[in-house]
1. For the chain, what's the relative contact order in percent, using C-alpha pairs closer than 8 Å and at least 6 residues apart?
2. Return, ordered by residue number, the residues of the range 298-318 whose backbone nitrogen is under 14 Å from a label point located 7 Å along Cα→Cβ of R6.
3. Using DSSP to call loops (not H, G, I, E or B), can you name the chymotrypsin sites (Phe, Trp or Tyr not before Pro) in the range 141-222 whose Cβ has at most 13 other Cβ atoms within 10 angstrom?
4. Under 13 Å Cα to Cα from K225, which aspartates and glutamates show up? Leave out anything in the same chain fewer than 8 places away.
5. Roughly how many nanometres apart are two label points built 7 Å out from the Cα toward the Cβ at D156 and L209?
6. Rounded to the nearest 500 deg cm²/dmol, what is the calculated helix-only ellipticity per residue at 222 nm for the chain, with -39500 (n - 2.57) per DSSP H run of length n ≥ 4?
7. At what distance in angstrom do the alpha carbon centres of the range 301-350 and the range 1-63 lie from each other?
8. Round to a whole angstrom and tell me the spacing of the C-alpha centers of the range 99-162 and the range 166-206.
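Nothing in this text is a laboratory measurement; each read-out follows from the coordinates by a stated rule. Note that the structure is a prediction, hence the values are computed from the model and not measured. Quick reminder, even Gly has a Cβ in these numbers, built from the backbone with ideal geometry, and neighbours come from all protein chains shown.
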Amino acid sequence: MAHTERILMGPGPGNPYPEVIEAFTRPVIGHLDPEFIELLDDLNDRLRQVYRTNNALTFPISATGSAGMEASFVNFVGPGDVVVIGINGVFGTRMADVAARCGAEVIAVEEQWGRAIDPQQLLDAHPNPAIIAVVHAETSTGIRNDIEPLGEAKGDALLLVDCVTSIAGIPLEIDGWGIDIAYAGTQKCLGVPPGLSPLTVSDRALERLRETPQSWYLDLNMIRKYVTGEGARAYHHTAPISMLYGLHAGLGVVLDEGLENSWARHAAVGGLLQEELPGLGFELWAQEGHRLPQLTTVTIPDGVDDVAARHELLDRYGIEIGGGLGPVAGKVWRIGAMGNTARERNARLLLAALAQIVKRG
């Protein structure tokens with residue numbers, strides 16, 4: 001089976017929407033061409049709709065989600081700033097690393113992997129932090145952390161949220177939940193290959209933008225001056241034209257389907273997997289009530305070899321799923337149903353293939 005026919009159901013990139021693939025074939029024009037600038041402005045408007053925000057500073061960073069994470073910290077965190085960070089997986093841990101490199105005093109609120117963080121613990125961790133940061137949908141565990149209570153009681157702190165796996169997959173309300181800074185990736189529920197990091201920053205957060213962040217490339221000051229009317233649109237870097245074509249198309253697919261319908265489709269496919277997998281001997285691992293529909297985590301049944309079974313899925317059935325990370329490597333699988341991959345037919349094909357693998361032991 002050719003690679004292009006594989007069903008990508010891991011925690012990483014999923015299968016892109018057909019409209020996105022077509023967008024990548026468009027002729028490349030200059031990144032300062034008026035036609036491209038018009039497309040970029042429309043892309044940013046679409047991104048605001050999917051993020052559910054009116055933030056003027058909303059655009060895709062020309063790098064993957066990790067760059068969105070770094071931009072979110074280097075522009076707002078400096079030496080001595082107190083940053084409270086929720087950690088219940090790989091990406092909360094990375095947040096803490098980035099903040100520490102900015103010189104912040106990091107207060108980690110840790111929870112067992114596979115369990116959600118109590119928002120009140122984050123709020124009680126320090127009386128007046130500069131930032132409260134947490135991952136909405138933790139890709140390493142399949143857990144959803146509650147965000148809305150943090151926005152309601154954050155006080156003077158800025159609320160920073162990793163939305164890489166949540167955007168377009170589960171309800172996300174940037175303005176409604178009081179999120180000040182958010183970043184995402186393209187390769188999950190947006191159905192676009194990896195390469196960009198959608199970022200949005202509230203006006204409240206812009207007032208605290210550092211004058212000279214530690215990164216030149218990720219410095220938001222030039223863009224801030226444009227969106228606030230303090231300066232003209234200026235050249236910063238050569239934009240990745242084809243990637244932006246793809247994201248523009250992917251956002252269009254989501255909006256044409258309807259954001260609520262996208263959430264419902266992900267919920268239905270994830271629900272199917274989580275209903276059927278226990279009958280095949282796979283125990284649902286993430287905490288009940290906080291399980292992501294777009295990323296199902298299960299323990300591997302006795303008698304099923306982690307590596308051999310995933311190789312068989314890929315080589316025989318053309319289905320790729322992800323293994324566990326950190327303390328649950330070799331014990332847990334991460335099964336993605338995101339973006340264009342979140343289809344009932346894909347879920348049923350995976351279930352049928354797993355039934356054969358488990359039967360053979």
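1. On the way: 754 pairs, mean separation 89.9, N = 361.
After rounding, I find 25 percent.
2. Label zone hits: 310-318.
3. Values: sites: W177, Y183, W216, Y217; in loops: W177, W216, Y217.
Sparse-neighbourhood loop chymotrypsin sites (Phe, Trp or Tyr not before Pro): W216.
4. D203, E207, E211
5. Taking the simple label geometry, D156 and L209 are separated by 2.2 nm.
6. On the way: 12 runs with 134 residues, N = 361.
One gets -11500 deg cm²/dmol as the mean residue ellipticity at 222 nm.
7. Answer, in whole Å: 26.
8. Using only Cα atoms, the two centres lie 16 Å from each other.
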